[in-house]
1. How many of the residues making up segment 80-114 are assigned to a strand (DSSP E or B) and in contact with a His (Cβ under 9 Å, 6 or more places away or on another chain)?
2. Quick one: which of T259, T333 is out of contact with any helix residue (DSSP H, G or I) (no Cβ under 6 Å at 6 or more places or on another chain), β-branched (V, I, T), over 28 Å from T17 (Cα atoms) and surrounded by fewer than 19 Cβ atoms within 10 Å (Cβ to Cβ)?
3. Condition first: among the charged types (D, E, K, R), outside any loop (DSSP other than H, G, I, E, B) and touching a residue at least 12 places away in the same chain (Cβ under 8 Å). Now tell me which residues in segment 135-163 satisfy that.
4. Being among the aromatic types (F, W, Y), in the same structural domain as R39 (by the TED database), more than 30 Å from R263 (Cβ to Cβ) and outside any loop (DSSP other than H, G, I, E, B): is that true of F119 here?
5. In segment 231-266, how many residues are assigned to a helix (DSSP H, G or I), touching a Phe, Trp or Tyr at 6+ places or on another chain (Cβ under 8 Å) and modelled with pLDDT of 95 or more?
6. Can you tell which of T243, T292 is surrounded by fewer than 20 Cβ atoms within 10 Å (Cβ to Cβ) and touching a strand residue (DSSP E or B) at 6+ places or on another chain (Cβ under 8 Å)?
7. So which of G41, G18 is over 16 Å from the mean Cα position of the chain (by Cα) and over 22 Å from L233 (Cβ atoms)?
8. When you scan segment 234-243, do you find a residue that is among the small types (G, A, S), under 16 Å from the mean Cα position of the chain (by Cα) and outside the structural domain of G104 (by the TED database), even just one?
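The values are calculated or read from the model by the stated rules, or taken from the named source; none is laboratory data. In this text, all values refer to a predicted model and were calculated from it rather than measured experimentally. Here Cβ is always computed from backbone atoms with ideal geometry, including for glycine, and neighbour counts include all displayed protein chains.
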Amino acid sequence: MHLGIDSFVAAVTDPATGRAIGPEERMADLLEEIETADRVGLHSFGIGEHHRPEYYDSAPPVILAAAAARTSRIRLNSAVTVLSAADPVRVFQQFATLDLISRGRIDLVVGRGSFTEAFPLFGLSLADYDELFDEKLDLLLRIRASERVTWSGRHRPALTGQGVYPRPLQDPLPVWIGVGGTPTSFVRAGLLGLPLMVAIIGGQPRQFAPLIDLYRQAGEQAGHPPERLRVGLHVFGFVAKTTQAAADTIYPGWHEMFTKVSRERGFPPPSRAQFDATSGPDGAFFTGDPGTVAEKLVRISGQLGGVDRVSIQMTNPRLAHADLLRGIELLGTEVAPRVAGA
């Protein structure tokens, strides 16, 4: 099992001083976090995509390019690229260029995202939510397979044999499908033989076992070898010297973040009891001391029939940069070695 980190590049208020961290300083901190993850041997670092005032990650390829120039080993990925609201030609060009800059360390994770702001921002209708993703994924994979493409669809002008350049160093460029809890999304990824990145933000991870089985069954029926049907998890979590310290450190930012989302979506406000339950042995949050987090990772991987990769979302709006750096170091130096053979 490989371990990595995902970041949504949240705007941060320092929990000790109450000072709002400006976007320039936040970007500098982010690059130091990625460099630290590279230094301590973590497998990957992913940047999300959001078009909201509380996040600074609306242009992930730009951030990833800066990270590629300052790292040497760690894989870099989107988490996720909102393909439904993007032009697949430009997405491929950007990530192929990133692959060249990084010398073959890029993974492109595509999905529909968990927020909807990108649709009206780019002149798209939510009524086309499913069709947009299906059509654009088809075009992206055609571009990946051939530099000259003949293609037509409803949501983008046709291609009539034009070339798409540059081509990436990796052939093919790794494309993962980011999914939530929709069975058709798991089946689609399996039929295409693409690796799967499952976002688990609540409930119990073992509840995803039937969906992951569905993915593997669809892939097998489509004739894809088992080694192509890789499974990754995107989860929330944090590592500190003690489990209590980990929970106390990230709870204020978690509460702020999920209170805002709950208000927007008409849900009851979250509570500390909910957080503690979700951080427990069977919950979706991987929070605790290194031994606790490692044990849970191994157990959950077994419940899901084996997991190739876990990316932990460790950033939130009330997490101090110094605490995050310490968490990254613990994840790389103490957790990753314990799960490497799982």
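1. Number of matching residues: 2.
2. Exactly one residue qualifies, and that residue is T333.
3. Correct list: E135, K136, D138, R144, R148.
4. no
5. Residues flagged as assigned to a helix (DSSP H, G or I), touching a Phe, Trp or Tyr at 6+ places or on another chain (Cβ under 8 Å) and modelled with pLDDT of 95 or more within segment 231-266 amount to 5.
6. One residue alone meets the criteria, T243.
7. None of the others qualify; the one that does is G18.
8. Yes; the residues of segment 234-243 include at least one that is among the small types (G, A, S), under 16 Å from the mean Cα position of the chain (by Cα) and outside the structural domain of G104 (by the TED database).
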